[in-house]
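Visitor: Below is one structure. I have some questions about it.
The values are calculated or read from the model by the stated rules, or taken from the named source; none is laboratory data. If you're wondering where the values come from, they're calculated on a predicted model, not measured in any experiment. Reconstructed Cβ throughout: ideal geometry from the backbone, glycine too, with neighbour counts over all protein chains shown. Accessible surface is based on the protein model in full, side chains and every heavy atom, while ligands, DNA and RNA are left aside. Shrake-Rupley method; radii C 1.70, N 1.55, O 1.52, S 1.80 Å.
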Amino acid sequence: MSEGIKVPTMASLFAEGKQPEVLFWVGCAGSFDDRAKKITRAFVKILNKADVSFAVLGTEESCTGDPAKRAGNEFLFQMQAVTNIEVMNAYEVKKIVTTCPHCFNTIKNEYPGLGGEYEVIHHTQLINQLFEEGRLSLEGGSYKGKRITYHDPCYLGRANNIYQAPRDLIQKLDAELVEMKNCRKRGLCCGAGGSQMFKDAEKGDKEVNIARTEEALETKPDIIAAACPFCNTMMTDGVKIKEKEASIVVKDIAELIAGADDL
Amino acid sequence: MEYLPNISFAIVLVAGIAFFRRNVLRLIRNIKLGKEPQLEKDNTQRWKNMARIALGQSKMVVRPVSGIMHILVYVGFVIINIEVLEIIIDGLLGTHRIFAGLGPIYDFLIASFEILALLVIIAVVVFWLRRNIIRVKRFIKPEMKGWPKRDADLILYIEVVLMFLFLTMNATDAQLQALSVEGYAQAGAFPVSQFMMPWYEGMETASIIMIERAAWWLHIVGILVFLNYLYYSKHLHILLAFPNTFYGSLKPKGQLDNLEAVTKEVQLMMDPNADPFAAPAEDAETPEKFGASDVMDLKWTQLLSAYTCTECGRCTSECPANQTGKKLSPRKIMMDTRDRLEEVGQNMNVNAGKFVDDGKQLLDDYISREELWACTSCNACVEACPVSIDPLSIIMDMRQYLVMEQSAAPAELNQMMSNVENNGAPWPFNQMDRLNWVNES
Ligand code: SF4
Ligand code: SF4
C-alpha cells in the first residue's frame, strides 16, 4: 500500500539546501515495470522505517546504458553514462544504493572511467547494514519456517562477488534457506542478461528461465527469492509456465523483509 | 665410429629444439597481430593468480574427478621430466645414468618417477574411458568432431607410450644390472618396472641391451616429437596456461572496458563549444574500427587465450544458452578464434610475412551471428575456465562490430535502443512518468 511512503527527490532537497546520505537509484525496471515497482515500494518502506536519509532522481534519472552496452552499442551507453554522471555530479552524489544488479554493476564498475566515482551498494547490502546498526529489527514474522530458495543474479554474484548479503537477510527471516544444485559461483542465469530481456531467444530446445525454474522447483520451495527485478520477472514467468503459481511465489528480498515486518 | 651415438643424439636434439623455436616464434608473431589491451598494472596480483590457477591448478578441482586425475598427469609429467635432464646429459656425453652417484637420493628419485609413471598411465586410461566409453557430454559436442577429437585421443596415446617406454627402459636396465652386464652398474630402485623384469628373463643379453637402447632412444625422441606436436594441438595449454593466467583480467567479471575511441567522440558531441559541422581536419586519422569482425581486431590477450584453450568444455557445459540447445558454445568461440588466427598465420607464412586478404573473416565464416546474439553475458563460462579465458569478451567485441559498424542488431534490440535514446528507458515509457510509482499501489 502506498499510504504514506516518503520519497524525496534530489531536486526538492537541493532546493531546501539539503543533501541526503544516499541516492536511491531506482532503475528503469523499478520505475516502469509493474512487478518491479512493487519491489521499489517495498524497499522505500524499509528506508522510511529505518529513517534513512535518501532521495531519488525521479524524472532526472535515465537508463544507465547497460542494455545498450551489452547489445554492443558502446556509443549509446557512453551517451547515457555521461548524461547521468553530469546530473549526479551536479548534485554532488557520494553514495548510491540500487535494487537492480545491472544498474549496480554499471555504475560501480563502468562509470568511474567516465568521471562518475561513487560508493555503490546493492539494496541487500544496505538492509544488512541497517540491521547491524540496529536501525531495523525483525521477529521472524510471517515467513517463519518457510522453505526459501535463493536465485543468485549473475550481475550480483559472479559479476561482483556478492553472495552472502542476500543470504544473511533470508536467515534473518527464521526461514529455511535451501540451496539449488547450481548456486553461488555456479548459479545458472535466469536468461535475461546481456539484453536477452528485450528480444526473443535464439532457436533452442528450451527457454533459459524454464531451466532455472526447474532447478528451483527441485528444492521444493515455498518461496523463490530473487534480488534483481529482471530475474524476478523471468522466475515469475517460469513458475507460471510450470503452473505452480498457486503454491510458490517469487519475491525480492526487500519484499520479504518488508512483508515480514508487515510494512 | 665411437662417437656416432653422441653425434646422432646432438643432431636429433638440436633439430627438435630448432623446430620448436620456429613454432614458438610463429606463435608470438600471430599473437602480436592483436591490439593492445587495457591492462591494470598490478603485477603482484598477476603472479599470485598464475601461481594459484596455473601452478596450483585451483580451478581444476572444482570438478574433483577430472581435477585430481589431471593433477596426477601434470605432476607426473613435470617431475618425470627431471629424468629427461639425465637422458640429455647421458646422450651428449655418452655416459650411462650419470646421476647414479647420488646414491640413495637417486634411488628415491627413480622410484618416485616410476610410481608417478604408473599413476599417469592410470589417469590417462580414465581420461580415455571418459572420452570414448562413458562419453561425458562436454567431450562430444559438435565442435569436437574431427581433429579436436583425434587430437585429444592422440595426446592420451602418446602419454601412455612415453610412460611405457620409460618403464621398459628401466625394466631392461634393471635386468641388465642383475646380470652384472658391463656398463650397467647398480643404480636406481624400480618399484614398478620390477614387475616387467620377468618378461626379459632368459633373453640374450644382446637383445636386452637392444631393447634397453631402443626404449631409451624412443623415449627421448618421443618427447621431442611431443614438444613439437604442441603447436598443432590443444596441448599447447601446458605452456600457455602460465602467461594466460598471468594476463587474465583483474577486474570484477561484470566490468566491460569502456571504448576509448567512443569516449573521445562522446566528449566532442557533449562539448558545447565544438562545431558539429566542422569538416574533419586534413590530417585526421582514419577513424578506428569499432568492435571486432576478424582476429586482428581483437586484443592480443584474447588471441593468447585462443591458443591456450584446452578444449575442456567446462565453459560450454555451464553456459545457459548451450544447456538450452542454442548454437552458442563459448568453447567454440575460442576454437574458432584460434583456427582463424592459424589461417591468417599460414597466409602470412606463404606471403613473405604479410597478410594478403583472403576474403574471409572471423565473423560469419567462423562465428555466426546467431551464436553471438544468444549470449546472456552471465559470465558462467569465465568463471568455469580453468586457465582464465574470457570467451564473453570476444562475444561482446563482435557485437560491437555488428551494432556500431553494421547496424545489424536484431530488430527488437534496435527497438530497445531507440527507446533508450528517446525516452531514457528500454521500454516506450515517457521519462516524465518515471516517478509515478510513488503514487501507485
Ligand atoms: S557469458 Fe554467454 S557464452 Fe558465457 S556462459 Fe554466459 S551465455 Fe554462455
Ligand atoms: S575456454 Fe576455458 S573452459 Fe572453455 S574449453 Fe577453453 S579452456 Fe576449457
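Visitor: Which one is farthest from the chain's Cα centre (by Cα) among residues in segment A:65-108 that are within 12 Å of another protein chain (Cβ to nearest Cβ), under 25 Å from B:Pro272 (Cα atoms) and not in a helix (DSSP H, G or I)?
Guide: Residue satisfying both the conditions and the ranking: A:Asn73.
Visitor: Same structure again: Report the residue count in segment B:310-361 for those that are under 19 Å from the mean Cα position of the chain (by Cα) and within 16 Å of ligand 1 (Cβ to nearest atom).
Guide: Going through segment B:310-361 one residue at a time, the tally reaches 17.
Visitor: Restricting to segment B:295-350, and then to whatever is small (Gly, Ala, Ser) and in a helix (DSSP H, G or I), can you tell me which residue is nearest to the other protein chains (Cβ to nearest Cβ)?
Guide: B:Ala321
Visitor: A further question on this structure: Return the total of residues in segment B:399-409 being more than 8 Å from chain A (Cβ to nearest Cβ) and assigned to a helix (DSSP H, G or I).
Guide: 1
Visitor: Can you pull out the residues in segment B:87-106 that are surrounded by fewer than 17 Cβ atoms within 10 Å (Cβ to Cβ) and within 25 Å of B:Phe195 (Cβ to Cβ)?
Guide: Correct list: B:His96, B:Ala100, B:Leu102, B:Gly103, B:Pro104, B:Ile105.
Visitor: Sort out which residues of segment B:115-172 are of a type in the set (Lys, Arg) and in a loop (DSSP other than H, G, I, E, B), and write them in order of number.
Guide: Answer for segment B:115-172, where residues must be of a type in the set (Lys, Arg) and in a loop (DSSP other than H, G, I, E, B): B:Arg135, B:Lys141, B:Lys145.
Rundown of residues vs (1) over 30 Å from B:Ile7 (Cβ atoms); (2) touching a His at 6+ places or on another chain (Cβ under 6 Å), yes/no style:
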{"residue": "B:Arg131", "(1), (2)": "yes, no"}
{"residue": "B:Arg138", "(1), (2)": "yes, no"}
{"residue": "B:Glu143", "(1), (2)": "yes, no"}
{"residue": "B:Ile155", "(1), (2)": "yes, yes"}
{"residue": "B:Ile158", "(1), (2)": "no, no"}
{"residue": "B:Met163", "(1), (2)": "no, no"}
{"residue": "B:Glu201", "(1), (2)": "yes, no"}
{"residue": "B:Glu212", "(1), (2)": "no, no"}
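Visitor: In segment A:109-134, which residues are aromatic (Phe, Trp, Tyr) and more than 11 Å from chain B (Cβ to nearest Cβ)?
Guide: A:Tyr118, A:Phe131
Visitor: Now, a different point. Within segment B:292-310, take every residue that is crowded, with 24+ Cβ neighbours inside 10 Å and within 13 Å of ligand 2 (Cβ to nearest atom) and give me the one that is farthest from B:Ile367 (Cα to Cα).
Guide: B:Thr308
Visitor: If you take the residues in segment B:175-213 that are within 24 Å of B:Ser112 (Cα to Cα), under 44 Å from the mean Cα position of the chain (by Cα) and among the small types (Gly, Ala, Ser), which one is most open to solvent (accessible area, probe 1.4 Å)?
Guide: B:Ala185
Visitor: Here is a further query. Regarding B:Ile68, is this residue under 30 Å from B:Glu2 (Cα atoms) and not in a loop (DSSP other than H, G, I, E, B)?
Guide: Considered against the rule, which asks whether it is under 30 Å from B:Glu2 (Cα atoms) and not in a loop (DSSP other than H, G, I, E, B), B:Ile68 comes out as no.
Visitor: Follow-up. Which of the residues belonging to segment B:351-371 are away from ligand 2 (no atom under 16 Å from the Cβ) and within 14 Å of another protein chain (Cβ to nearest Cβ)?
Guide: Matches in segment B:351-371: B:Leu363, B:Ser368, B:Arg369, B:Glu370.
Visitor: If you don't mind, there's one more thing I want to ask. Just to be sure, is B:Glu383 in a helix (DSSP H, G or I), within 12 Å of ligand 2 (Cβ to nearest atom), acidic (Asp, Glu) and within 9 Å of chain A (Cβ to nearest Cβ)?
Guide: Against the criterion (in a helix (DSSP H, G or I), within 12 Å of ligand 2 (Cβ to nearest atom), acidic (Asp, Glu) and within 9 Å of chain A (Cβ to nearest Cβ)), B:Glu383 qualifies.
Visitor: Here is a follow-up. List the residue pairs whose Cβ atoms are under 8 Å apart, where the first residue sits in segment A:93-118 and is open to solvent by less than 20 Å² (accessible area, probe 1.4 Å), the second is of a type in the set (Lys, Arg), and the two are 6 or more positions apart or on different chains.
Guide: The qualifying pairs are A:Thr106/A:Lys69; A:Asn109/B:Lys251; A:Glu110/A:Lys69.
Visitor: Then there's this: In segment B:411-432, what residues are open to solvent by 30 Å² or more (accessible area, probe 1.4 Å) and either farther than 14 Å from A:Phe32 by Cα or more than 7 Å from chain A (Cβ to nearest Cβ) (or both)?
Guide: B:Ala411, B:Glu412, B:Asn414, B:Gln415, B:Ser418, B:Glu421, B:Asn422, B:Asn423, B:Pro428, B:Asn430
Visitor: If you don't mind, there's one more thing I want to ask. If I ask for residues that are without any contact (Cβ under 8 Å) to a residue 60 or more places away in the chain and either of a type in the set (Ser, Thr, Tyr) or closer than 16 Å to B:Ala15 by Cβ (or both), which ones from segment B:186-217 would you list?
Guide: B:Tyr200, B:Thr205, B:Ser207, B:Trp217
Visitor: Considering segment A:154-199 alone, what residues qualify as being at pLDDT below 95, more than 7 Å from every other protein chain (Cβ to nearest Cβ) and in contact with a Pro (Cβ under 8 Å, 6 or more places away or on another chain)?
Guide: Answer for segment A:154-199, where residues must be at pLDDT below 95, more than 7 Å from every other protein chain (Cβ to nearest Cβ) and in contact with a Pro (Cβ under 8 Å, 6 or more places away or on another chain): just A:Met197.
Visitor: Still on this model: Mind checking which pairs have a first residue in segment B:386-404 that is in contact (Cβ under 8 Å) with a residue 40 or more places away in the chain and open to solvent by 20 Å² or more (accessible area, probe 1.4 Å) and a second that is within 13 Å of ligand 1 (Cβ to nearest atom) and part of a loop (DSSP other than H, G, I, E, B), Cβ under 8 Å, 6 or more apart or different chains?
Guide: These pairs meet every condition: B:Ser393/B:Leu256.
Visitor: Something else: Within segment A:1-36, track down each residue that is in contact with a helix residue (DSSP H, G or I) (Cβ under 8 Å, 6 or more places away or on another chain), crowded, with 21+ Cβ neighbours inside 10 Å and assigned to a helix (DSSP H, G or I).
Guide: A:Met10, A:Gly27, A:Ala29, A:Gly30, A:Ser31, A:Phe32, A:Ala36 - these are the residues of segment A:1-36 that are in contact with a helix residue (DSSP H, G or I) (Cβ under 8 Å, 6 or more places away or on another chain), crowded, with 21+ Cβ neighbours inside 10 Å and assigned to a helix (DSSP H, G or I).
Visitor: Return the only residue of B:Ser8, B:Ser66 being free of Cβ contacts under 8 Å to residues at least 40 places away in the same chain and of a type outside the set (Lys, Arg).
Guide: B:Ser8
Visitor: Which one of these does A:Ile121 not meet: (1) touching a strand residue (DSSP E or B) at 6+ places or on another chain (Cβ under 8 Å); (2) open to solvent by 10 Å² or more (accessible area, probe 1.4 Å); (3) in the same structural domain as A:Ser247 (by TED's automatic domain parsing); (4) not aromatic (Phe, Trp, Tyr)?
Guide: So A:Ile121 meets the others, but not (3).
Visitor: Consider B:Ala409 against the criteria (1) among the small types (Gly, Ala, Ser); (2) within 25 Å of the chain's Cα centre (by Cα); (3) more than 15 Å from ligand 2 (Cβ to nearest atom): it satisfies all of them except one. Which criterion is unmet?
Guide: With (1) among the small types (Gly, Ala, Ser); (2) within 25 Å of the chain's Cα centre (by Cα); (3) more than 15 Å from ligand 2 (Cβ to nearest atom) applied to B:Ala409, the lone miss is (2).
Visitor: Right, something else. Scan segment B:141-162 and tell me whether some residue there is on the phi > 0 side of the Ramachandran plot, open to solvent by 20 Å² or more (accessible area, probe 1.4 Å) and in contact (Cβ under 8 Å) with a residue 24 or more places away in the chain.
Guide: no
Visitor: For residues in segment A:202-234 being open to solvent by 30 Å² or more (accessible area, probe 1.4 Å), outside any helix (DSSP H, G or I) and within 14 Å of chain B (Cβ to nearest Cβ), which is farthest from B:Ser377 (Cα to Cα)?
Guide: Once the filter is applied, the top-ranked residue is A:Asp205.
Visitor: What do you reckon, is B:Asp297 farther than 26 Å from A:Lys185 by Cα, of a type outside the set (Ser, Thr, Tyr) and in contact (Cβ under 8 Å) with a residue 12 or more places away in the chain?
Guide: yes
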